[in-house]
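The structure under discussion appears below in the form of structure tokens.
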Amino acid sequence: MLLTAWTAVKAQWDVQFSDYTALKTYYNPAAAGTEGLLDVKGLYSMQMVGYDDAPATMYIDASMPIYFLSPRHGAGLSFMSDNIGMFTTTKITLQYSYNMKIGNKGRLAIGLAGGLLSEKIDPSGVDLEDNNDPAFPTSQQDGNSFDLGAGFYYYHPKIWAGISAQHLLSPTIQIGETNEVSISTAYYLMGGCNIKLKNSLITLQPSFLIQTDMDSWREDVQCKAVYEHDGKKFYGGLGYSPSTSVTFLVGGMFHGICLGYNYQMYTEGVGAVNGSHELVVSYQSNLDLFKKGRNRHKSVRWL
């Protein structure tokens, strides 16, 4: 059982997704709407498969440029539900970004995100060794708090980078009379580029993600090889987090829908066969109905 007695917990990390490049707005609200398209994605992740009460996460996100104001504005909405044992974290977030031209083809976006962060304890179906333990409630309890994030994001047809912070207010969620969760501010630095191989239909997309709460650190590097020809797109890739995991990524676009599968194999502690499975589905559509052709953008994930 993944349960421990607690009255106050300090959470250090957000959910660890395998393909961070497909979920930029999860880490940085400034990325909302910057691709010039309606971008809808859904993800389901099962971590540490084979263990009782292992984490499972659902994430849904939609972002778009706000053309009726101007292409400089972007907005997004996301929902996340993360469950581990009798604990469930839910987050609903609104995102806004404003971007401006930098240089010939580059743009810089500034973003804010605000939302509701909720924690729930549901002891039903959980067999505790001591049913009188005051650290655990005897009935379902929950609490919530306002959450705030911000970030900067630079993007160009050949390179992108962003820096952001989540949980800027370090919210504390009171759950019942005896339990509380304190969320540490998390900082993210991420970036990548698109390298078109000469005389080839393949593009390499190396990238990195560094995250910290100033007490602990995690670094991830990744590289995808994307094949594109005659409207068909496929990719495969590898990711690595030192002392943590190796990730295998594969996917493609079918009838306008991008489908990806990722497997994160842990190199320490959990074991190779008890890794994390992640399924990502996304759809993009051009929303520029007022100036056809003038603001079209290709997704940097496919460049």
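For region 32-39, state whether one or more residues are modelled with pLDDT under 95 and surrounded by fewer than 19 Cβ atoms within 10 Å (Cβ to Cβ). Yes, some residue in region 32-39 is modelled with pLDDT under 95 and surrounded by fewer than 19 Cβ atoms within 10 Å (Cβ to Cβ). Here region 53-108 is the region considered, the condition is being of a type in the set (Lys, Arg) and over 19 Å from residue 146 (Cα atoms), and the residue that is modelled with the highest pLDDT is 107. Every residue in region 158-193 that is open to solvent by 20 Å² or more (accessible area, probe 1.4 Å), over 20 Å from the mean Cα position of the chain (by Cα) and touching a residue at least 24 places away in the same chain (Cβ under 8 Å), please. Matches in region 158-193: 158, 172, 174, 176, 178, 180, 182. The set of residues in region 109-136 being of a type in the set (A, V, I, L, M), at pLDDT below 90 and assigned to a strand (DSSP E or B) consists of 121 alone. The test for being free of Cβ contacts under 8 Å to residues at least 40 places away in the same chain and of a type outside the set (Asp, Glu) does not hold for residue 118. Only one of the numbered conditions (1) open to solvent by less than 30 Å² (accessible area, probe 1.4 Å); (2) assigned to a strand (DSSP E or B) is violated by residue 60, and that is (1). Taken over region 208-258, residues that are assigned to a loop (DSSP other than H, G, I, E, B) and either more than 25 Å from residue 197 (Cα to Cα) or modelled with pLDDT of 95 or more (or both) amount to 8.
The values are calculated or read from the model by the stated rules, or taken from the named source; none is laboratory data. Model, not experiment: these values are computed from the prediction. Cβ sites come from the backbone with ideal geometry, for glycine too, and all protein chains shown count toward neighbours. Note: areas computed on protein heavy atoms with side chains; ligands, DNA, RNA excluded. Shrake-Rupley method; radii C 1.70, N 1.55, O 1.52, S 1.80 Å.
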